[in-house]
Amino acid sequence: MKKLVLAGVVLGATTASLFGTAALADHEGGSHGSHGSHHGNHAMHANSGRAPSTEKGSDHLRVEDCWIRLLPKVAPSGGFFVLHNQGKSEPVVLKGIQTDAFGMSMLHETTEKNGMSAMTMVPDVTIEPGQSLSFKPGSYHAMLEKPRADLKAGQQITVNFELGTGKKIPVQCTLKSPSARSFSDQ
């Protein structure tokens, strides 16, 4: 049985199902600690301990297949997309995402060690020239919290991708049901 660690408490499959498999286990599930960041002190997420990149990078970012798994208000929703650095010589540094549809957003990475999934907040991600990076379940992803009350699956929202250069790239993202596992799911 895969166990889920939440704020220092080990939950078995039965207990985790009370919170909802989509909300915890599949929304990257893992061990969480506290961190201090520009998002405040939030006890649900561990900090990666990695310093933010000092590199500004370029603005040559293209974002595709942006979708958000919309979960009930008690659980963070997951943001997924594919980032493409269309530049030939400089990396692109993604510092974060922002949308008026959610009050808080953070970049995270899920890793597995000794059979346990761990989710850690990352200060930014770097996409090398000519490369792509997928934010997908079980890997890099965005967590979005404090949703507006009127959000529903099927809606499109604008998400601003904030780069190391200071530029914000607006992208239309589709809200999907808790059962969605990919961009093509409803």
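The values are calculated or read from the model by the stated rules, or taken from the named source; none is laboratory data. This structure is a prediction, so every number in the text was calculated from the model and none was measured. A quick note on method: Cβ atoms are made from the backbone with ideal geometry, for glycine too, and the neighbour counts reach across all protein chains shown. Ligands, DNA and RNA are stripped out before the accessible areas are found, and what is left, the full protein with its side chains, is counted by its heavy atoms. Shrake-Rupley method; radii C 1.70, N 1.55, O 1.52, S 1.80 Å.
Could you compute how much accessible surface Thr165 exposes when probed at 1.4 Å, giving the result in Å² to the nearest 10?
About 60 Å², rounded to the nearest 10.
When the accessible area of the stretch 96-186 is split by element with a 1.4 Å probe, what percent falls to carbon and sulfur?
Values: 2060 of 4330 Å².
Here carbon and sulfur together make up 47 percent of the probe-accessible area.
With Cβ to Cβ distances under 12 Å as the rule, what net charge do the other residues near Asp124 carry (K, R +1; D, E -1)?
Numbers: positive: Arg50, Lys56, Lys95; negative: Glu55, Glu109, Glu162.
That works out to 0.
Let me have the relative contact order for the stretch 69-186, percent, based on Cα pairs under 8 Å that are six or more residues apart.
Numbers: 255 pairs, mean separation 39.7, N = 118.
Taking the mean separation of contacting Cα pairs over the length of the stretch 69-186, I get 34 percent.
Once you place label points 7 Å from the Cα toward the Cβ at Val82 and Gln186, how far apart are they in nm?
Here the answer is 2.4 nm between the modelled labels.
Using a basic spin-label model with each label point 7 Å from the Cα along Cα→Cβ, how many nm lie between Ser177 and Met116?
It is 3.4 nm.
In this model, which of Lys146/Lys167; Lys113/Lys152; Lys56/Lys146; Lys113/Lys146; Lys113/Lys176 are farther than 26 Å apart at the alpha-carbon?
Working: Lys146/Lys167 24 Å; Lys113/Lys152 35 Å; Lys56/Lys146 29 Å; Lys113/Lys146 30 Å; Lys113/Lys176 30 Å.
Cα-Cα > 26 Å for Lys113/Lys152; Lys56/Lys146; Lys113/Lys146; Lys113/Lys176; rest within.
Could you work out the local net charge near Asn160, counting Lys and Arg as +1, Asp and Glu as -1, over the other residues with Cβ closer than 12 Å to its Cβ? Show your work: numbers first, answer last.
Working: positive: Lys95, Lys167, Lys168; negative: Asp100, Glu162.
Charge balance near Asn160 sits at +1.
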